[in-house]
1. Restricting to the range 157-206, give me the number of residues that are more than 18 Å from Gln235 (Cα to Cα), among the hydroxyl-bearing types (Ser, Thr, Tyr) and not in a helix (DSSP H, G or I).
2. Consider Leu102 carefully, then state whether it is in contact with a helix residue (DSSP H, G or I) (Cβ under 8 Å, 6 or more places away or on another chain), outside the structural domain of Phe234 (by TED's automatic domain parsing) and at pLDDT below 95.
3. When the range 116-144 is examined, which residues are found to be among the polar types (S, T, N, Q) and under 20 Å from the mean Cα position of the chain (by Cα)?
4. Against the condition at pLDDT 95 or above and of a type outside the set (Asp, Glu), how does Leu89 come out, does it pass?
5. Does Ala283 satisfy being modelled with pLDDT of 90 or more and either within 17 Å of the chain's Cα centre (by Cα) or not hydrophobic (A, V, I, L, M, F, W, C) (or both)?
6. Out of all the residues in the range 58-73, is one or more more than 33 Å from the chain's Cα centre (by Cα) and loosely packed, with under 10 Cβ neighbours inside 10 Å?
7. Give the range 68-80 a look and list any residue that's out of contact with any helix residue (DSSP H, G or I) (no Cβ under 7 Å at 6 or more places or on another chain) and touching a residue at least 12 places away in the same chain (Cβ under 8 Å), or say none.
Amino acid sequence: MGSTDGNRQLRRKRRRNSLTVLSFLSLWLIGFTGLFLYAIGQTLAYSFTDYNLMNDAIWIGLANYTNLIFKDSVFWTTLANTGFFVVLLVPGILVLAFMLALLVNRKTRIANWASVAYFLPFIIPLAATGLVWRWMFNGDYGVVNYLFSLFHLEGPSWLTSSHWVKPAIAIAELTLVGQYMIIFAAALQDVPKELYEAADIDGASGWKKILNISLPMVSPAALFNFITCLIAEFQIFEIPYVMTLNGGSSMQAKASGGPGWSSTTFAMYMYDKMFSEYDAGTATAMAILSLVIVLAIAFPVMRLSQRLVNYER
């Protein structure tokens, strides 16, 4: 009887604590939820209209979607460009971030300095980062081609070649591992040291400890990093925009994404539709499609994570 009363009091205490927290967060939650639902609803409504930001929106049904999917070849080009970056950069960034986290997690004199150095590119404004990489990949006087010349090799015209511009942008994006590295490093700090000690007693090698201890124990952080990195790379905009600024041909009615449409991402094309062509209906339809695509990728990953992600310590 006493244990039953104690459990009841404990539940009441937890309920009071939860209500207290919710009462403090209620105004923020109500405001955020209202703003979020309004923005999503307004975007969805405009995607079914012909709207140029100046005149009243005219209902046209699914015309924006059908024009994009069945008539707009540039839409598919930009989607393919974005897919290239997502497929290449998401695993590349996560692997690099995990490797750097392992290095930072080692108790060395330069560990703290290294963690700051790895994180620093992430906090620099992306426009400034893009300008630096644009200078470095300049075909005439860039640092990258200068390094090639030291080995008597001729570097390509990175930003004016449709074959090399996307690899140049991908290399620039790979430096933005700071946020993901910090999350991996924090997760590694939380791994019980007893597991590594037991593995040392069994004579496990460094790679076996990484594969059998480190990776399973940081799997929740890996899942979080994967989802956030997927969203970030699908919305890739600033660095390719700045690196290819004024790089398009005279036949191209836009300032970035050249040569041609070879480096134009989905977000850049959506920006072009909204602020260059003032076609808000098509731009909002693209926003809804991007949401659907990201959810279509993230949902199976979340379902699969129920079997692969280890939440136990």
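The values are calculated or read from the model by the stated rules, or taken from the named source; none is laboratory data. All values reported here derive from a predicted model rather than from experimental measurement. All Cβ positions, even for glycine, are placed from backbone atoms using ideal geometry, and neighbour counts span all protein chains on display.
1. Number satisfying all stated conditions: 4.
2. Judged against the criteria, Leu102 is not a match.
3. Thr129
4. yes
5. no
6. No, the conditions are met nowhere in the range 58-73.
7. Residue satisfying the conditions is Thr77 alone.
One line per residue, one yes/no per condition, for (1) outside any helix (DSSP H, G or I); (2) touching a His at 6+ places or on another chain (Cβ under 7 Å); (3) within 26 Å of Met54 (Cα to Cα):
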| residue | (1), (2), (3) |
| --- | --- |
| Ser214 | no, no, no |
| Phe226 | no, no, no |
| Trp261 | yes, no, no |
| Glu277 | yes, no, yes |
| Ser290 | no, no, yes |
| Phe299 | no, no, no |
